[in-house]
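Step one of this worksheet: look at the structure below.
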Amino acid sequence: MTDEDKMIYKLTVHKKFIGWVIEKLKEEGIAAKRTTGNDPNGDILIINPEDAPLVKEIVRKIQNKYNK
């Protein structure tokens, strides 16, 4: 596997993961979308700022489930 193949793989996994997280948020009734332009604030824009505490809790649950 070349260096380029490794980079493409990592970016593909990242892209799919961000899409998966956005879908999980949507299932919880939270509007979110991908950012563009290498936004320094992250890869997901939460449309309603008041949803931020719930989003943090959902992300914590995801991390706990998959980082064991």
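The values are calculated or read from the model by the stated rules, or taken from the named source; none is laboratory data. All of these numbers come straight from a predicted model, not from anything done at the bench. Counting neighbours? That spans all protein chains shown, and the Cβs are built from the backbone with ideal geometry, glycine included.
Observations on the structure shown:
Rundown of residues vs (1) surrounded by 10 or more Cβ atoms within 10 Å (Cβ to Cβ); (2) farther than 18 Å from ILE58 by Cα, yes/no style:
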residue	(1), (2)
THR2	no, yes
ASP5	no, yes
PHE17	yes, no
TRP20	yes, no
GLU23	yes, no
GLU27	no, no
GLY37	no, yes
ILE47	yes, no
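- Criterion (of a type in the set (D, E, K, R) and either more than 14 Å from the chain's Cα centre (by Cα) or part of a loop (DSSP other than H, G, I, E, B) (or both)) met by exactly one of LYS24, LYS16, LYS6: LYS6
- Some residue of the range 43-56 being among the acidic types (Asp, Glu), part of a helix (DSSP H, G or I) and either at pLDDT 95 or above or in contact with an Asp or Glu (Cβ under 9 Å, 6 or more places away or on another chain) (or both): yes
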